[in-house]
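Engineer: My structure is below; once you've seen it, I'll send some questions.
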């Protein structure tokens, strides 16, 4: 967005005279404006907010139909609780270990053959293999459960910040898709922080530094709420076509008494 440049003028504000103060046109905007889209394809089940609604970080903004995913998650959780095979394998191991010990003693006293001992040892190895297989199945079930939970969670879209809903584009029942770039669900703005940005002529480049304090005077009727801010960025790349560069800062909205979306003047 291009702003008209304000040349040095004499301004009378709140009883204070700024004689030929250097000032530039600026804008006070939400720190972020985001169009909310679905990361998956599905039918939009619910939008619990509407245009003008205040929103909190982590709040659900929209929900995609999820009956199939809920069923898959429940099934996956049930599989994680199926530990009967592992318990049976442990019992077999205990029995086989006792049998191997007996056979070992009997073999030492020549009461059983070497083959009988080896058969008992093979039973122990088989039981251990069954336990390992059962444990691997449980781990696989736990992984599938976590994956199904993640799939289910992706069907809820959460707010990335505190702010307000600017616009609602579609309604419940609409088909949404990550490829539908032209059809977002909502447009939201971050309102706990404001972004102040000014376009400055190149000739002032050496007079403006990061960390420098400047005065911001909002447009009428908010001019009485002028405030000082500290610049947190100064572009190091000049726009050759206009001979200008950008500078500004991000400020906490609760530290000022004016809204975003208005024009302002920045005084050095």
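Please treat every number below as a calculation from the coordinates, not as lab data. These numbers come from a predicted model, not from an experiment.
Engineer: Which residue, 254, 206, 46, tops the fluctuation ranking in a GNM of the chain built on C-alpha contacts under 10 Å?
Structural biologist: 206
Engineer: Restricting everything to alpha-carbon atoms, can you work out Rg to Rh for the chain with a Kirkwood hydrodynamic radius?
Structural biologist: Working: Rg = 34.3 Å, Rh = 24.9 Å.
With Rg and the Kirkwood Rh in hand, the quotient comes to 1.38.
Engineer: Region 92-153: D in µm²/s via Stokes-Einstein (Kirkwood Rh, Cα pairs, 37 °C, 0.692 mPa s)?
Structural biologist: Answer, rounded: 238 µm²/s.
Engineer: Right, another one. Please give the per residue volume of the convex hull enclosing the alpha carbon atoms of region 71-177, rounded to a whole number of Å³.
Structural biologist: Dividing the Cα hull volume of region 71-177 by its residues yields 140 Å³.
Engineer: If you don't mind, there's one more thing I want to ask. Only Cα pairs within less than 10 Å get springs; with that Gaussian network setup on the chain, which residue of 123, 69, 35 has the largest fluctuation?
Structural biologist: 123
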